[in-house]
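Coordinate-derived values only; no laboratory data. Please read all numbers here as calculations on a predicted model, not as lab measurements. Ideal geometry is used to build each Cβ from the backbone, glycine not excepted, and the neighbour counts take in all protein chains shown.
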Amino acid sequence: MALAERRDIEPEIADLLAARPALVMHAQDGLCFEGIALNAIADKFGTPTWVYGAATMRARYVALVAAFESVGLRPHIHYAVKANDHLAVLSVLRAAGAGADVVSLGEFMRAQKAGVAAKDIVFSGVGKSPDEMAAALAAGIGQINVESAEELSVLSKVAVKVGKIANIVLRMNPDVDAGTHAKITTGLADNKFGIAAHDIVELYAHAARLPGIRPVGIALHIGSQILNPAPYATAYAKAAEMVRALRAAGQVVSVLDLGGGLGIGYYDEPGISLSAFAAMVRATVGDLGVQLLLEPGRYLVGPAGLLLAAVILQKQGSAKRFVVLDAAMNDLLRPALYESYHGILPVSAVDFVSAATPADVVGPVCETGDTFAIDRVLPSFKPGARVALLDAGAYGAVMSSSYNARPRAASVLLDGGQTHLISPRQTQSDLWAHEIIPG
Ligand code: LLP
């Protein structure tokens, strides 16, 4: 399903709730996430606030590992840090056993700061700078995913200079349509990512001859929020073919990095079936005798986070009812950028059962694009009522900004029945702390 496609019939709030076992509505306490009342969090920390559930992250990690174990595979899981790079989140996933997939020196340093060993980190991305390469190599990075011949030659020079051997995989562009939103499709020939399949064998041989470079395998990543295993199956079959072609050409191939992209249910549908995905991996690449790598981001953290917001006011426009929240596109950009759907639940039990009618849910930013939902069937809200924007654990806080001089929201992590403040709300002086008035 394309992210931009709206479902003809959107789920009702009761269906959204029923599809998310970590969320429960209590008659007195209202909506609870991992057993903790969101109203209590809003009372203590204010709104808007990102709320993350550690138990949900761990459960999702465990489910992914178990799905692969049940087909006899043990892929190394490298959490895609870009989905949510908070140190507390990285540290939960590291403790669960994850390595990291990073796309910048900043993410590399964060992952290490959260305790991920450099050898358990892979560096992806279409434009790594020589400084980033040098720093990652000097720190002992496990693997660098090379996306072009140009990058390979720079990396070789940098590795020689730093006195390190770079374990590299070549990222192949399989030219497969992942059937997802155009802005997050990466595996098509006209996307900027990867190396054309017909160039891989020659470039791999070239890499094997370059100083400072040790080619260990290939990688691919076809896109994000993929709910159907079929495009993966096509791409992975091409990867298997490539591994065989490389071996036939006398190359050593010990790693196959399958990328990320596992989709979650933003409505009330299930996410990608882990058992179907694992079975497909087993069938397409399970017999190659390579170490498999996975780079999931959204799957692990998306449903483990929500954005808790309050209603500033409700206004009746000439044609529509508008619910104006204290959260905005600067906090959660996905609806504005991809027209993506996020479920919205009232936090109070009374609101939850009140008569509901369509309304647009918007933020206070001065752009029409600052819209979280159009014609969403919701109750009438009093100022101060709280709502939860669901499935905001991935590509939420990381994509936020301070547009309209709006300080970044606070973040809390729920863990073991405790609520931990993991980022205080920014202050106005935080926002101008690094600004200089000349003279
Ligand atoms: N590996 C590579 C090389 C990637 O480019 C990505 C995501 C991932 C792994 C992780 O993908 P995931 O498992 O999270 O789908 N901001 C967009 C998503 C951009 C994804 C970019 N690359 C959104 O909000 O939907």
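Report the semi-axes of the equivalent ellipsoid for region 312-429 in whole Å, largest first, where each axis is √(5λ) for an eigenvalue λ of the Cα gyration tensor.
For region 312-429, the ellipsoid semi-axes come out as 24, 19, 13 Å.
Distance from the Cα centre of region 123-183 to that of region 376-406, in angstrom?
36
Multiply the residue separation of Leu431 and Cys366 by 0.36 nm, subtract the distance between their alpha-carbon atoms, and state the gained length in nm to one decimal.
The Leu431-Cys366 span can extend by a further 21.5 nm.
Go ahead and estimate [θ] at 222 nm for the chain from helices alone: -39,500 (n - 2.57) per DSSP H run with n ≥ 4, summed, over the residue count, rounded to 500.
-9000 deg cm²/dmol
What percentages, rounded to whole numbers, describe P(r) for the chain computed over all alpha carbon pairs with 10 Å bin width beginning at zero?
Once binned at 10 Å, the Cα pair distances of the chain give 4, 21, 29, 24, 14, 6, 1, 0.
Apply 1/(1 + (r/R0)^6) to the Cβ-Cβ distance of Arg247 and Ser129, taking R0 = 25 Å, and write down the FRET efficiency to the nearest 0.05.
Efficiency, rounded to the nearest 0.05: 0.15.
Taking a point 7 angstrom from the Cα of Ser380 along the C-beta vector, which residues in region 333-362 have backbone N less than 14 Å away?
351, 354-359
What does the charge count around Ala18 come to, taking other residues whose C-beta lies under 14 Å from its C-beta (Lys +1, Arg +1, Asp -1, Glu -1)?
-3
When the dipole is taken about the Cα centre of the chain, and only Lys, Arg (+1) and Asp, Glu (-1) are charged at their Cβ, what size is it in debye, to the nearest 20?
About 880 debye.
So which of Lys113/Lys382; Lys192/Lys315; Lys119/Lys192 end up more than 32 Å apart by C-alpha?
Pairs exceeding 32 Å: Lys113/Lys382; Lys192/Lys315.
Applying 1/(1 + (r/R0)^6) with R0 = 30 Å to the Cβ-Cβ distance of Gln314 and Ala182, what FRET efficiency is obtained, to the nearest 0.05?
Given R0 = 30 Å and the Cβ-Cβ separation, E is 0.30.
Say each of Gln28 and Ala95 gets a label point 7 Å from the Cα, pointing the same way as Cα to Cβ; how far apart are those two points in nm?
According to this spin-label approximation, the distance is 3.0 nm.
How far, in nm, would the chain grow between Ala356 and Lys192 when pulled straight, counting 0.36 nm per residue and subtracting the alpha carbon separation?
54.6 nm
Can you give the translational diffusion coefficient of region 249-387 in µm²/s, computed by Stokes-Einstein from the Kirkwood radius over Cα pairs at 10 °C and 1.306 mPa s?
88
Can you tell which of Gly297, Gly46, Gly187 shows the greatest fluctuation in a Gaussian network model of the chain with Cα springs below 10 Å?
Taking springs between Cα atoms under 10 Å, the residue moving most is Gly46.
Beyond 29 Å, how much of the Cα-Cα pair distribution for region 124-296 remains, as a whole percent?
Result for the distance tail: 20 percent.
How long is region 30-176 along each principal axis, judged by its Cα atoms, biggest number first, in Å?
59, 40, 31
Test of understanding: ordering His206, His420 by Cβ neighbours within 10 Å, fewest first, what list do you get?
Placing the least packed residue first, the sequence is His420, His206.
Wrap a convex hull around the Cα atoms of region 92-203, take a quarter of its surface area, and give that in square nanometres.
7.8
In degrees from 0 to 90, rounded to the nearest 10, what is the angle of the helix 229-248 Cα long axis to the longest principal axis of the chain?
Helix 229-248 and the main axis of the chain meet at about 20 degrees.
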